[in-house]
Amino acid sequence: MAYAQAASSSTTPGSPPAVKLILNETDLQRVVDRIAHQILEKTDGAEATVLLGIPTRGVPLARRLAARIAAFEGVEVPVGVLDVTLYRDDLRLKATRALGPTDLPPGGIDGRRVILVDDVLFSGRTVRAALDALSDLGRPSSVQLAVIVDRGHRELPIRADYVGKNIPTARTEVVKVTLAEIDGTDEVRLVGEETK
Amino acid sequence: MIKHLLSAADLDAEHATLVLDTAAELANLSSREVKKLPTLRGRTVVNLFYEDSTRTRISFEAAAKRLSADVINFSAKGSSVSKGESLKDTALTLQAMGADAVVVRHPASGAPHRLAQWVDGSVVNAGDGTHEHPTQALLDAYTMRSRLGRLAGLHVAIVGDVLHSRVARSNVLLLTTLGAKVTVVGPPTLIPVDVGPALSPDLRVSYDLDAVLPEVDVVMMLRVQRERMNDSYFPSTREYARRYGLDVARMRRLPEHAIVMHPGPMVRGMEITPEVADSARSTIVEQVTNGVSVRMAVLYLLLGGK
């Protein structure tokens, strides 16, 4: 969920927001492990399954899930990257965004079970964009969604199949996921009462 | 991002690189099943062409359509322009129709700059007289980067009718911004006297093609623009071809990795021989393909955001 992070970068100096640690490194590992197990359970050993990470932080998460699935059952699940920028419905509301890469695994997505992976599920608009992007890229047999944090406030009828942690939040709060691959640390924090 | 793209000098290194990177992502679209993105749905792009063009107009049209924008093609022939309508009145008409972007080609240098003052939407210069053609420079830079892996430190020779070439001017500006070294080569009559100081202090000038060829990574051949010439700038076509045309013998003087470019339309047998134009070193067809991606990137970056 790109804009969950984008918003957090505009912290106003002078009003230090309250920061609450939701998941530490070990917690995050356990969450990823659990989701990996759930995927194996729900998908019958992750057969004909593709993991697609949504940039930025969904991408390393998808890779971690694939690595854990391989460690647990020795199944190699193809991992890809799906950039949804060009499908967003809020493009005109902000300055032009730079595009991320889109990189599908060699076998493509036709006839496979696609599991979208993102860090935070919020309004559901990113997932809506991802579903539109998918339908232009091929025809998966089914699409599922895995997220580390579901923070509520959905604006569209979308729900996740695999959720790491449900966190009740206020709209003004920001859920900040940091990952070792991108940010150097593994953490989920709730940054409260931010004034934009 | 900037609002209009009127000159290659409008782009600093950061923005120019953003255009090239965006184009690289958009290039994947052509290998997809559905070659269309919903990004500019509901936006209107007007192609305003006062001068003949095949590849540029088609390229902009394809780019806009692949981003789902509505495209209105306007060519001066068969429009009210032949009844005497001025550029300003045409601009106000487009304005009243709600054009979000106007892609303009005009025989008068500076016409897009005037247009930008009259319309609210973005203006993209698709070639104005002998002045500039920034999207051509962008697609040339994109082609060089994808073939040779980098732009900084490359040595590019631009050969031929530099005097009348908007492609040359835009390329010199963009390539020097991106850190390449540029030498313009041609007969003294076809190279502006003060071209170095006017465009870029690092620009080099040579009148001897054979001497320049062994040390360049890219050689870009320009068409001799007969339609803009009132005087004779060289004795004969044969003499021009012999001294400044790229034939197989001259191509052998190039380093192993060097590529041959031409913005098109080319005159085979004049500035380039068919053997060279169709050789593996030639990127002429690639340039056309890349043109669509680069123009998509420009339209996205100008119209995609707020």
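Computed from the coordinates by the stated procedures, all read-outs in this text should not be read as laboratory data. Model, not experiment: these values are computed from the prediction. In this analysis, Cβ positions are derived from the backbone assuming ideal geometry, glycine residues included, and neighbour counts consider all displayed protein chains.
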Cβ neighbours within 10 Å, averaged per peptide: list A:57-70, A:176-189, A:142-155 in order, most packed at the top. A:57-70, A:142-155, A:176-189
In whole Å, what is the distance between the alpha-carbon centres of segment B:167-215 and segment B:244-267? 16 Å
If every Lys and Arg gets +1 and every Asp and Glu gets -1 at its Cβ, then about the Cα centre segment B:134-283 yields a dipole, in debye to the nearest 20, of 200 debye
At a 10 Å Cβ-Cβ cut-off, how would you order B:300, B:207, A:162, fewest neighbours first? B:207, A:162, B:300
So what's the gap between the Cα centers of segment A:107-136 and segment A:52-87, to the nearest angstrom? 12 Å
In sequence order, what are the phi-derived ³J(HN,Hα) couplings for segment B:117-131 according to the Karplus relation 6.51 cos²θ - 1.76 cosθ + 1.60 with θ = phi - 60°, rounded to whole Hz, with x for glycine and proline? 7, 9, 10, 7, x, 7, 10, 10, 7, 9, x, 10, x, 9, 8
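What relative contact order, as a whole-number percentage, does chain B give when Cα pairs under 8 Å and 6 or more residues apart are counted?
Numbers: 588 pairs, mean separation 62.7, N = 306.
The value is 20 percent.
Taking the number of other C-beta atoms within 10 Å as the exposure measure, put B:83, A:20 in order starting with the fewest.
Details: B:83 6, A:20 11.
The most exposed by this proxy come first: B:83, A:20.
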I'd like to compare B:30-36, B:173-179, B:272-278: which one has the highest average count of other Cβ atoms within 10 Å, and what's the full order after that? B:173-179, B:272-278, B:30-36
Starting from the Cα of residue A:98, step 7 Å along the direction of its Cβ; do the same at residue A:18; then give the gap between the two resulting points in nm. 3.5 nm
Label-point separation in nm, residue B:96 to residue A:89, each point 7 Å along Cα→Cβ: 3.5 nm
Return the long-range amide H neighbours of residue B:155 (sequence gap of 5 or more, or a different chain), with a cut-off of under 5 Å between placed amide H atoms. B:181, B:217, B:218
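Cross-link list B:3/B:88; A:165/B:36; B:77/B:306; B:36/B:181; A:94/B:35; A:42/B:35: which exceed 27 angstrom alpha carbon to alpha carbon? Don't jump to the answer; show the numbers that get you there.
Working: B:3/B:88 20 Å; A:165/B:36 36 Å; B:77/B:306 35 Å; B:36/B:181 37 Å; A:94/B:35 25 Å; A:42/B:35 34 Å.
Among B:3/B:88; A:165/B:36; B:77/B:306; B:36/B:181; A:94/B:35; A:42/B:35, the Cα-Cα distance tops 27 Å for A:165/B:36; B:77/B:306; B:36/B:181; A:42/B:35.
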A correct Karplus calculation of ³J(HN,Hα) over segment B:178-186, with 6.51 cos²θ - 1.76 cosθ + 1.60, θ = phi - 60°, whole Hz and x for Gly and Pro, returns 8, x, 8, 9, 10, 10, 9, 10, x
